[in-house]
Structure formats: structure tokens, C-alpha cells
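The values are calculated or read from the model by the stated rules, or taken from the named source; none is laboratory data. As the structure is a prediction and not an experimental result, all values here were calculated from the model. Neighbour counts are summed over all protein chains in view; Cβ atoms, including those assigned to glycine, are modelled from backbone coordinates with ideal geometry. The area values use the complete protein model at the heavy-atom level, side chains included, leaving out ligands, DNA and RNA. Shrake-Rupley method; radii C 1.70, N 1.55, O 1.52, S 1.80 Å.
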Amino acid sequence: MNFFKKIFSSEKKETLDKGLEKSKTSFFSKLTKAVAGKSKVDDEVLDNLEEILVASDVGVNTTLKIIERIEERVSKDKYLGTDELNGILREEIAGLLSETNSGEASEFEIPANKKPYVIMVVGVNGVGKTTTIGKLAYQFKKAGHSVVLGAADTFRAAAIDQLQIWADRVGVPIVRQQMGSDPASVAFDTLQSAVAQNADVVIIDTAGRLHNKVGLMNELTKVKRVMQKVVEDAPHDVLLVLDGSTGQNAFEQAKQFTAATEVSCLAVTKLDGTAKGGVVIGISDQFQVPVKYIGVGEGIEDLQVFNKYEFVDSFFK
């Protein structure tokens, strides 16, 4: 397993291990039962493994892919010991994540040729969207970048106030208007302000309503179009925030948002409170969108850059 090299600092790794504890414990207690008394991987073991992966919210399609890959290895190697199953699962899942370019980074980085680097954040209310923006701003600032926040979720006064609290906490400027203002106008002002300040990163919060896909689609398209008047290739990333603890519900939200706008990357939050960590693997694979960040705790440092080797290592430790 030499490619599972140490990438994270021990402190960061510890947070990740702790954040995935519930998922890992649930997965392994089931896996141990599935292979009890078996020395080799046979059809029964694979059937049990399939059930376990689906129950861990990896999703049916992705589970079938993983099982198929293990079956190929069984037929190729003729004999596969159950003691090798863990290592093989790690390799196959890391391989699957590679196909969507998930988890290639290990630090909070910004593209070299984009200034300001503009991130438009989407997601339904309650998934940890504003918190993710606040923690992202903190990480980018800590890495030495200047950050400007834009409160374009103007439908909820609470959303604007929450973002203000994070801006104050992190110590970064925020552009905001009254509740009910035009979100595109807030985005426009934010980008103008960021360009004037020569800022490195702009993070724009957008409305978290899904009840009307066409409305959402039109609104996000308008926000993008208006942003492009200031920075012609903005936004550089459309980040969809999903609550990992909701399991299948997160799949549904991903489906809705990827249909409404071009989502370029994902942040999966609240993984520390759930045994549904497999959702990270399934959503990335099913929607072919890379996971960029994961939330593994309440603390400001607990939003991490998603690194597939570290994730798989913690999940299958």
C-alpha cells in the first residue's frame, strides 16, 4: 500500500480519523460479520459486502462498480483471502475517486492565473453552507490570501446576518445589501469591491431554495451573467455544499442542483456526526463531480481539503 503515503500533518489526520469514526466503526463491524469464518472471498462475501456498501450510503450504482472491480480481481487472482479485502477496497475506492479528479490536493490552494478567484456557493438551507463559507474564508486567509465575501442569499435575513458574523470572526470584508435585494446586484457589487481592493478570493453565498428548479436556474444564471461584467470568466468554481449526514437526501439535492447549474466541485459537511461517510464516494462517482472539501467537526479548522488517500486510509484503518 505504498501509495497511501503520509500527506496530512498528524493533527489534521487525527481530526479526519475522529470525524470518520462513526462511519468506519459501523462499516467494519458489518464487514467483520460478513467475513466471519471465511478465508477467501466468494460470492456470499461479495453479496454481503454489497449490502454493507449500500447501507453505508455509497449508493447502488457505485457499489455495483466496486463489486464488479473486486470480482475481476477474484477471477484474475483465482484466490483472494478475506484478509486482503480491506486493502483491495482501499485501492479500488481511491481508483474510483481518481476518475472524477477527487482528492488530488492537500492544501487550500487557489488557481495561479485567476485573480480574483471567484467561488459561487450553492446548496439548500441547513446543510452548513454559510459555515462552510466562513471556514473557507478562514483557511484562505490563513494561507495568506485576501478574501471578500458576498451575501447574495438575500431571501433570508438570517443568512445575511450569519455571514456577517463569520466575516467579523475571520476578519474579512463582506458586501451586503438589505434583505430582498437583487442577488445579482450583490454579486456585482462584491466583485467590483474585490477588484478595487485587489483581493485574491471572492466567495459568494446564494439562495438555498429548491422548491422551484426553474426559478433557481434563472437566478443562478443571472448572478453568473452579472458577475461576468466585472470578471469575465467568473465564477471559476460553483461549489455545492451537501450535508453528509442526510445520506440519500444528499444524492437528491446533488441531482437537483447539478440539473439547475454547472456544479464544478462539492463540499460534504457534517461527516463527524454520522455513519454515512460512504456518501462522499457515491455522490462524487454518480455525478462525476469532484469532492473538494469535507467537514469533519464543529471547529473552524475542521473543514479540510478532501484528499482521497487520507480519506480512504481513515475510512479503512
Suppose we keep only residues that are surrounded by fewer than 14 Cβ atoms within 10 Å (Cβ to Cβ) and in contact with a Lys or Arg (Cβ under 8 Å, 6 or more places away or on another chain) within segment 205-238. Which one would you say is modelled with the lowest pLDDT?
215
In segment 263-297, which residues are under 11 Å from the mean Cα position of the chain (by Cα) and part of a helix (DSSP H, G or I)?
271, 279, 280, 281, 283, 284
Exactly one of 169, 209 is basic (Lys, Arg) and outside any helix (DSSP H, G or I), and that residue is 209
Count, please, the residues in segment 35-48 that happen to be free of Cβ contacts under 8 Å to residues at least 40 places away in the same chain and either in a helix (DSSP H, G or I) or closer than 15 Å to residue 92 by Cα (or both).
5
Evaluate segment 56-78: report whether one residue or more is over 16 Å from residue 286 (Cα atoms), open to solvent by less than 60 Å² (accessible area, probe 1.4 Å) and polar (S, T, N, Q).
no
Would you confirm, using the coordinates I've provided, whether residue 134 is open to solvent by 10 Å² or more (accessible area, probe 1.4 Å), in contact with a helix residue (DSSP H, G or I) (Cβ under 9 Å, 6 or more places away or on another chain) and either outside the structural domain of residue 303 (by the TED database) or in a helix (DSSP H, G or I) (or both)?
no
State all residues of segment 98-120 that are open to solvent by less than 40 Å² (accessible area, probe 1.4 Å) and under 17 Å from residue 173 (Cα atoms); if no residue qualifies, say none.
116, 117, 118, 119, 120
Six or more apart or on different chains, Cβ atoms under 7 Å: show the pairs whose first residue is in segment 252-274 and among the basic types (Lys, Arg) and whose second is assigned to a strand (DSSP E or B).
270/243; 270/295
Can you find even one residue in segment 281-300 that is without any contact (Cβ under 8 Å) to a residue 40 or more places away in the chain, in the same structural domain as residue 207 (by the TED database), in contact with an Asp or Glu (Cβ under 9 Å, 6 or more places away or on another chain) and crowded, with 24+ Cβ neighbours inside 10 Å?
no
Positions within segment 253-280 being within 23 Å of residue 120 (Cα to Cα), crowded, with 22+ Cβ neighbours inside 10 Å and among the small types (Gly, Ala, Ser), in sequence order:
254, 267
Residue 202 meets each of (1) surrounded by fewer than 21 Cβ atoms within 10 Å (Cβ to Cβ); (2) not in a helix (DSSP H, G or I) with one exception, condition (1)
